[in-house]
1. For Val130, list long-range residues whose amide hydrogen, built 1.01 Å from N in the peptide plane, is under 5 Å from its own amide hydrogen.
2. Whole percent per 5 Å bin, from 0 to the bin with the longest distance: what is P(r) over all C-alpha pairs of region 1-154?
3. Along region 347-360, what does the Karplus equation 6.51 cos²θ - 1.76 cosθ + 1.60 (θ = phi - 60°) give for ³J(HN,Hα), rounded to whole Hz, x for Gly and Pro?
4. List, in the order given, every pair from Lys253/Lys374; Lys5/Lys367; Lys314/Lys374; Lys253/Lys314 whose Cα-Cα distance in the structure shown is over 25 Å.
5. For the chain, modelled as a GNM with alpha-carbon contacts under 10 angstrom, which of Gln260, Gln223, Gln46 fluctuates the most?
6. For region 267-368, take N as its residue count and report Rg(C-alpha) divided by 2.2 N^0.38 Å.
7. List the relative contact order of the chain as a percent without decimals, with contacts defined as Cα pairs under 8 Å and 6+ residues apart.
8. If we count every other residue with Cβ under 11 angstrom of Val130's Cβ, Lys/Arg +1 and Asp/Glu -1, where does the sum land?
Amino acid sequence: MSIWKIPLFTPDFTEEDIQSAMAPIRDGWLTMGERTLEFEKTFADQVGSGYAFAVSSGTAAIHLALACAGVAPGDEVLVPSLTFVACANTILALGAKPVFVDCDGEQDWTFSPQDFLKKITEKSRAIMVVHYAGFPCRMEEIMLVAREHGLAVIEDCAHALFSSRRGRQCGTFGDAAAFSFFSNKNMTTGEGGMAVVHQESYADRLRKLRSHGMTALTLDRHQGRAISYDVVEPGYNYRIDEIRSALGLSQLKRLPENLQRRREIYQCYNRHLGNVEEIVIPFLDRNDDEVGYHIYPILLRDSAMRESLIHNMKNDGVQTSIHYPAIHRFSAYRDFTAQADCPWTETISDGELTLPFYPQMTEDDVKQVCESLKKGIQAVRG
Ligand SMILES: *Cc1c(COP(=O)(O)O)cnc(C)c1O
C-alpha cells in the first residue's frame, strides 16, 4: 500500500509483460539466450546504432562504456555534477578523476559547452554527457570541441530513450551510450541496462568485459559452438537474464505510446504552472517533438521554501523528489567540492523540485499536484 495519493512515478505493467517475463522460467534457459539477443537487436534497430549489449544495470553500461573508451588511472573525465552519482562513481572506480562541468543556465540544465571547453586539460580523456530529463545536450557544439581535443564521448541516456536532436537520436552522437531500465525509468526491467556502441573495436571489448573477459559465452558452449575459452583481460559479470530481456522486449513495444502520453502530461503541467511567478520551468524553448520526457522538474526561485513545500505537498498525498543533489557536494566527493566551480548546478540543485510524472496520470491528477504546489507556496510565503 502506498502512503501517496499521487506518487512520484509508478511502473506500467500489462498482462503481456507478466506473461513475457514468465516464459523463460517455463523454457528453462535463464541467462543470455535468444531473448537477450532479440532484445539487443530490436533495441539497436530502434536507436539506430550498430551494436547494443543488454547488461545488468545502467551503471554497468556506463562503467563498460568508460572502460571501452580506455579511461584509466591518471585520466580526467568531464562530467556534469547535476546527475545521478553513478556517473562519477564509475569514473572513480576506474582510477580516473571526475572534472565537474556546470549546467548551461537557468533555462538549459544540460552540459555547458562553454564550461566544458574551459575545463579541458592535458589529462582529459573522455566526456560524459547526460541528456537531463530527456532534453538532449547541445551535441553539435559538444562533439566539435570533443573531436578537436581527441576526447571520447559517452552519452548517459538513462533519461533519454527515443529523444533526438535535429533528427538524430540520443545515443548515436558519441562513441558509446548507456541506457537504464531501473524501476523508475521510461521502460523498466526492474534492474537492467543497455550499452550502445558504434565501432567494432568498442563492441569487441564490451562483449568480453561484460562476461569476465571470456572469449565465449555459456550459450556458445551449450550450442556446441565452443568447447573452451580464453580470458583476454579481467572483466566483470554485468550480464542480464532472459526474464528481464523478455520483460524489456515487451516494455519496449509500448514505449512510443507511453512517450506520447508523457508528452501530453508535460504540456498539461506547463499550462497549469505557466503563470506561477515563484517557479522557473526549464527548457521551454526546446522543440517538443524531439523530447522523450522522463521527469517534470521545476526550479523554485526561493530555494529556502523547498523543505516546507515538500512537507506541505506530502500532507496532500503528493510525492516529490530532487534531481539532483550536486555530486561535488557529497561527502565522498569532498576533495572536489571547492574546485568544482559549478555555480548554476548549485543554484539548481538547491531549488529544484521534481513533480509526479508517469503515463497513467490523468489530467485531474496533474491539476491536483499543481493545486497542492500553489497552495503550498502560498502557505510557505505566509
Ligand atoms: C538511473 C540513472 C543511472 C543509473 O542507472 P541504474 O540502472 O540505476 O544503474 C545513471 N544515470 C542517470 C542519469 C540515471 O537516471
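Values in this text are rule-based calculations from the coordinates and carry no lab data. Predicted, not measured: the structure shown is a model, and the values here were computed from it. Cβ coordinates were reconstructed from backbone atoms using ideal geometry, including for glycine residues, and neighbour counts include every protein chain displayed.
1. Phe111, Asp156
2. Bin by bin from 0 Å, the calculated values are 2, 8, 14, 16, 16, 13, 11, 9, 7, 4, 1, 0.
3. Each residue of region 347-360 in turn: 4, 5, 4, 6, x, 6, 9, 9, 9, x, 7, 6, x, 7 Hz.
4. Lys253/Lys374; Lys253/Lys314
5. Looking only at Gln260, Gln223, Gln46, the largest GNM fluctuation is found for Gln223.
6. After normalising by residue count via 2.2 N^0.38 Å, the value is 1.20.
7. Across the chain, relative contact order equals 23 percent.
8. -2
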